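The structure appears below as C-alpha cells.
What follows draws every value from the coordinates through simple rules; no lab data is involved. The structure displayed is predicted, hence computed values, not measured ones. Every residue, glycine among them, receives a Cβ derived from its backbone with ideal geometry; neighbour counts consider all protein chains shown.
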Protein chains: 2
Amino acid sequence: MKWSEGYIYTLKDSPADAEIPSHKLLVRAGMIRKLGQGVHTYGPLMLRSIRKFEKIVREELEKSGCVELLMPLVHPKELWDETGRWDKMGKALLKFKNRLNQDWCLGATHEEVITDFIRKDIKSYRDLPKNLFQVATKYRDEIRPRFGLMRGREFIMKDAYSFDADPESALDSYKKMHTAYCRIFERLGANFRVVKADSGSIGGDTSEEFHILADSGEDHLLVSEDGSFAANVEICPAIDFEDASSSQEELKSLEEFDTPGLKTIADLANSLKISEKDLVKTLFYSASNEPEKELKPVAILLRGSDELNPIKLKNLLGLNDEPLMLNDQEVKNVSGAFPGSCGPVGLNIPIYMDTGVASMKNYVVGANKDNKHIRNVNHDRDYKVEKIVDLRLAKEGDKSPDGKGQLKSYRGIEVGHIFYLGQVYSKAMGATYLDKNGKSQTIEMGCYGIGISRSVQAVIEQNHDKDGMIWPAAIAPYAVHICILDPKDEKVSGVAYSLYNDLNAQGIDCLMDDRDERPGVKFKDADLLGMPLRVTVGGRGVENGEVEIVERKTGEKRSIAISDIKKTIIEWWGQQTL
Amino acid sequence: MKWSEGYIYTLKDSPADAEIPSHKLLVRAGMIRKLGQGVHTYGPLMLRSIRKFEKIVREELEKSGCVELLMPLVHPKELWDETGRWDKMGKALLKFKNRLNQDWCLGATHEEVITDFIRKDIKSYRDLPKNLFQVATKYRDEIRPRFGLMRGREFIMKDAYSFDADPESALDSYKKMHTAYCRIFERLGANFRVVKADSGSIGGDTSEEFHILADSGEDHLLVSEDGSFAANVEICPAIDFEDASSSQEELKSLEEFDTPGLKTIADLANSLKISEKDLVKTLFYSASNEPEKELKPVAILLRGSDELNPIKLKNLLGLNDEPLMLNDQEVKNVSGAFPGSCGPVGLNIPIYMDTGVASMKNYVVGANKDNKHIRNVNHDRDYKVEKIVDLRLAKEGDKSPDGKGQLKSYRGIEVGHIFYLGQVYSKAMGATYLDKNGKSQTIEMGCYGIGISRSVQAVIEQNHDKDGMIWPAAIAPYAVHICILDPKDEKVSGVAYSLYNDLNAQGIDCLMDDRDERPGVKFKDADLLGMPLRVTVGGRGVENGEVEIVERKTGEKRSIAISDIKKTIIEWWGQQTL
C-alpha cells in the first residue's frame, strides 16, 4: 500500500493514560484508538496484524481437525441458567434487557452456546470426536480496563471446544490442542512459556496457560532451570529448597516477652535480629462462603518471609471465592490480641500450617496478648495443627516440583489457555450420546482460548525499543517498508515502484512511504511502525546503483546493488517465516 | 473437506417458525441455527459462504480505494449524544448500563464512531478524500425478528464511510461506491436492481438501495420497462398513465343521495357500478408532531383505487414520523360524519389532493352526513384544495417518471444501501479540515452498507427449488460435491480422492461425501446443500471408466471419462466465476 492511499496517522506523544510501552506505541502508530474505557478501534495497520495472526491460528487449528463456525455475541439468559453461570459469573458478565424486557447477556465465553449447539446434532459415538472453533468478538465487563488491549472490555478471541466419548479421548484432544498452540505461538515469533494454571470459573481439572514473556506481564510465572516444569504462581506448588535452619534443634522451653510497638514481621525481625524466614506469622481468615452471616474463623501459619496464596487457601477450605481476612476487631475477638501480637498457642479455632513451617523449631509467635510474643514455640508440643499443607505463593529459588533444581521467576502475558473440562457443562446441559451398546453417555469436553487482539499487543510488549515497535515478520502489518527519499526524481521512483510491484506480486507485502516529507520524518515513522525490513531508495544511492536495507530488529544496515535487491529481499523473507 | 471430518448435520423437517424457503433450507442444511429470537449461530458451511462474500466485498472496495479498519460494537452514550441520535434512534438502539452504571449501546450503525475517529486525524484538504470500511457484527433491537437472517437482531454488515472536501468530490465518492456495489452484486451472481430510496434515519438526500429480487422480498420495487428507472415504492413518484375517463366531461350539478350501509369504496363501487378508480376517497390525518396535544387535522383526497404513501405525506407535512390517521370519533368531529360518508365539500380544514384526482370531473364523494354521498362533485367549483401533490403509492402500470413506458412491479430484499450524507454528522460532531486558504471547512460525508449475512440468505431466497438450495459458484460453501457411492471399493475411492486432491490443489474447493450411506441419502443431501456441481463416483461407472457430473442449477447430467474429468471441471469452473 502507498502511504498516500492508506490511512496512517502517527502521533508524537503517547496518551496520558498509557502505562506500558506496547500501549503507548500502538496508540502513537495510530494502530489502536480508545473509543471508551476498555473499548478500542483497530486502525488499518492493526487490523492487518490481527488478520495475519488469525490466519495462523486458523491454519494450525484446521490442521488439527478443528472446524470453524461463528456463534452470536448476545446470548439469552435461559441458556446460562442451565449451568447456573448466569448468577455465578458475577458482574464481568454484562447483562441487559432487550426492548421486550427479556434478559440477555454479552458473551464473555461460549461454553453454554456451543454445548447447546452440539447437543442437537451429536447422537452417537460415531459422531465423536468433534472440535469446533470460532474467531469472534467477546465482551467482558472489566471493572478496571487498562494497558490498551491487554485488559479490554471488548476483544477478539479464538475459542475452540472439543467433544469426546471418554476421558482418554478427551485428553488426546487436549494434547492435540497443546501441540497446535505451541505451533501457533512459534509461528507468531514470540518468546513464550506454557505453564500449569488454575482453572478459574470455567471449571474442570487440567489446564495450561500460554504466556508471552514480558517485564510488564500481569502474571507471575515460575519455571524450572531446564524449562521442564512451568506454572503460574497461582497454582505453583511451593517447596522450600532447604529445611529451616532450626530443624535440628532440641526443643527449648516457652518464654513470653514484651514486644511493645512491634507490629510487623519486619519490626520483629529487626528488633530480634532474626531473619524473617525464621519467624512465623499467624493470619486469620473466614472459612465461610457467607462471612457476613457466619464467620468460621481459621488461623494460617506461614514463615514470616512468605505470602499466602489465596487460591490454595480457597481450595483447601472448599470455598466459592477467595476467602476474606478477618478485620482487626474480629482477630481480637478470636485470639485475644490485635494483629501483630497473635499466634497459634491457645487458639480454639482450626489452625492450618504451611509446609514451610513444618521443619521449624523453637520459633517466635505472638502471645495472643497485645505487645507480647513467645519464643521457643513448637507445634505438636504447644498447640495442635489441623493440617500441614502447601498454602504459600511459590517464588524464585524454591525447589522445582519436578525435583530438577530451583525455580526461576518470569513475568508473562497470558495469551492462550487450554482446559480439559470433563463433564462440567455437558452434564448440566444434557449433552449425551449413545455408545456402542446403545447406552446414553455424557460427552467429555475441553475448551481452548487464544486472545487474538491481546496476543498482537503482547508481541509488541516483548518486541520494541526506544524508537518504536519491532514486528516479527509473521504478523507485521507489512513485511517491507520502502522509503522514497526523492519521490519526484523519476529514476528514484522508478526503482522504488519496480521493487514495490515485484515484491507485492511475490506475496511480500510492502508499505510505500510516498509522502513529500523529509528523510528524518520518514525514518522516524518507519522506526515507530517497526516493519521488519526498511528499504531506502534515494537519489545518491540510485546514482551509485544501490539501495539501502535496514533490518528493524538488529539495526543492521546494508547497501545492496539495485540488480540484487529483489533477490536479496526474497531470500531474507524466506528466512523469516515458518 | 471430507464429510466425516467436518461438521454437517442435515434435518428432514423445517422448523415450525420458518416462513420463507431460504430460512427453511438454511436451517435444514444446518447452516444456521437459532440461539434466540433474531440471533443465529452460523454453522461451518454458512461461515464459508459468508467469508467468500466478504472477500468479494473487500476486493471490490479496496479496488475503489477504500481502507479497512474495525470499530467496536459497544459505544459510549456521549458520542451518540453529539448527534442527538441517542434519543432519536428509538428502541432499535439497544442501550445498557455497564457495572459502573455508565450508559452504552450496541452499535446499530457507526456514523458517530467513524466521525469521531477521523476528526482526530484529518486536518487538511491534503488528507482528503478518504473512504474507510469495516466488516463487523452489528445489533439492532428489532421488535419482531423474522425470516432467519433477513430481519435478525445480530447480523454481519459491511459499512463504509467516505470523507470529502466538497459536494462534488463527495458525489464522486458516492458514484465510485455505486460502481463497486454493482460489481460486488454481479460477482455474487445474484439478480439485483438498484433503486432510488428514502434516506430514513441516517439523513442526507441522495440514496439508492440494492435489492436482490425474490418473491418473498419485503420491499416493493417499481422499475421502468427498459430498467433505466427504478425506485423503492416508498419514494417512487406516482404518475397516472392516462387521465381520468371523466376528464373531458362538462361539469354537472351536485346531487346528494342516500347510501345506507355503504361504508367502503368497494361497497360503493359495487352498488353504483362505478370503477374504484373513478371514485374519490377522503382520508383524515393529523399534521401535528404531537397529535395527543394538538390534532391539526388535514384531509387527503385519493382515487378510490389508490393507496396513500405515508412517507410522501410525512414529507409534505414536514413531520418527524409518519402521520397518524384520525380515529372515527375525531373524523366525526371534524367532518360531521363517520368514515365512509366523508368528503371534501364543506370542510374547513386544509385539503390535499393527490395528482391522480386532478383530472377527474363529476365524481362521487361522501356528503359529510352519515349514509349520504354527493355526485357530480368538482374541485375549485365545490371546494378549495390547499395543494395538488403526489401523495399515493406508485404501482405497476403507472407512467415511468423518466417518461419511458410503464412501471413494472417487483419484490426485493434490500442488501445494500448507499447514501450521500452531506454534513449531517460532520457538522454535529465538528469534523472539519483546513482548505487551501487555511479556512476551516466542514467535511462532506457518505455512508454505504451491505448486509453481509442477509445477502447470503437472499441469494438462496432467489436460488432454490423444491429439493434444496442452488448456490451460485461465487459463494457456494464448496464448489464441487463429490459423492462416493462405494467408499470401500478401492478403485472407486482411488478415483474420487485423486479428483478431490487435484481440484483442491487448483483452488476448486470440494466437499467429499465419504459417509457409509445409501446413494439416495447422499443425493438428497447434495440437492439440499446445493453446491454448484455434483460429481458421482460409483462402482459401475468406474468399471466403465466414467464418472457422472450434475449441474445443480440446470439439473443437466453428463457422463465424463475419468481421464477427462479434471479438465472438464476446471473448464466449468472457469466459466462460473467473475
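Can you tell which of B:Ala238, B:Ala266 is in a loop (DSSP other than H, G, I, E, B) and under 38 Å from the mean Cα position of the chain (by Cα)?
Details: B:Ala266 fails: in a loop (DSSP other than H, G, I, E, B).
Selected residue: B:Ala238, the only one of B:Ala238, B:Ala266 that is in a loop (DSSP other than H, G, I, E, B) and under 38 Å from the mean Cα position of the chain (by Cα).
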Check your understanding: What number of residues in the stretch B:357-400 are crowded, with 18+ Cβ neighbours inside 10 Å, of a type in the set (A, V, I, L, M, F, W, C) and assigned to a strand (DSSP E or B)?
Key -> 4
Exercise for review: Only residues that are surrounded by fewer than 22 Cβ atoms within 10 Å (Cβ to Cβ) and either facing chain B (nearest Cβ under 7 Å) or under 17 Å from B:Glu154 (Cβ atoms) (or both): list them for the stretch A:80-92, please.
Suggested key: A:Lys91
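Going by the structure shown, is B:Pro323 free of Cβ contacts under 8 Å to residues at least 60 places away in the same chain, surrounded by 21 or more Cβ atoms within 10 Å (Cβ to Cβ) and not in a helix (DSSP H, G or I)?
Yes: the conditions hold for B:Pro323.
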Check your understanding: Right, B:Lys158: within 22 Å of the chain's Cα centre (by Cα) and free of Cβ contacts under 8 Å to residues at least 60 places away in the same chain or not?
Key -> no
Practice item. State whether one or more residues within the stretch B:338-345 are among the aliphatic types (A, V, I, L, M), assigned to a loop (DSSP other than H, G, I, E, B), within 20 Å of B:Glu250 (Cα to Cα) and over 37 Å from the mean Cα position of the chain (by Cα). Key: yes
Revision key, fill the gap. Picking from B:Ser453, B:Ser440, the residue that is in contact with a Leu (Cβ under 9 Å, 6 or more places away or on another chain) and free of Cβ contacts under 8 Å to residues at least 40 places away in the same chain would be B:Ser440
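Check A:Arg99, A:Arg119, A:Arg51, A:Arg126 and return the single one that is within 25 Å of A:Met150 (Cβ to Cβ), within 12 Å of chain B (Cβ to nearest Cβ) and surrounded by fewer than 22 Cβ atoms within 10 Å (Cβ to Cβ). Explain how you work it out, then say what you get.
Numbers: A:Arg99 fails: within 25 Å of A:Met150 (Cβ to Cβ); A:Arg119 fails: within 25 Å of A:Met150 (Cβ to Cβ); A:Arg126 fails: within 25 Å of A:Met150 (Cβ to Cβ).
Just one listed residue meets the conditions, A:Arg51.
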Exercise for review: Return the total of residues in the stretch A:496-539 being acidic (Asp, Glu) and either under 36 Å from the mean Cα position of the chain (by Cα) or closer than 12 Å to A:Ile482 by Cα (or both).
Suggested key: 5
Review point. Just wondering, is there one or more residues in the stretch A:473-486 that are under 23 Å from A:Ile114 (Cα atoms), surrounded by 22 or more Cβ atoms within 10 Å (Cβ to Cβ) and within 24 Å of the chain's Cα centre (by Cα)?
Key: no
Exercise for review: Kindly establish whether B:Val74 is among the β-branched types (Val, Ile, Thr), more than 9 Å from chain A (Cβ to nearest Cβ), under 20 Å from A:Met71 (Cβ atoms) and crowded, with 20+ Cβ neighbours inside 10 Å.
Suggested key: no
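For every residue, the table says whether it meets (1) over 19 Å from A:Met177 (Cα atoms); (2) of a type in the set (A, V, I, L, M).
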position: A:Gly397; (1), (2): yes, no
position: A:Ser400; (1), (2): yes, no
position: A:Gly412; (1), (2): yes, no
position: A:Tyr420; (1), (2): no, no
position: A:Met429; (1), (2): yes, yes
Practice item. Residues being over 30 Å from B:Pro323 (Cβ atoms) and among the acidic types (Asp, Glu): count how many of those fall in the stretch B:257-289. Key: 1
Point to revise | Scan of the stretch B:1-48 for residues that are part of a helix (DSSP H, G or I), within 11 Å of chain A (Cβ to nearest Cβ) and buried (at least 23 other Cβ atoms within 10 Å of the Cβ), ordered by number | key: B:Leu45, B:Met46
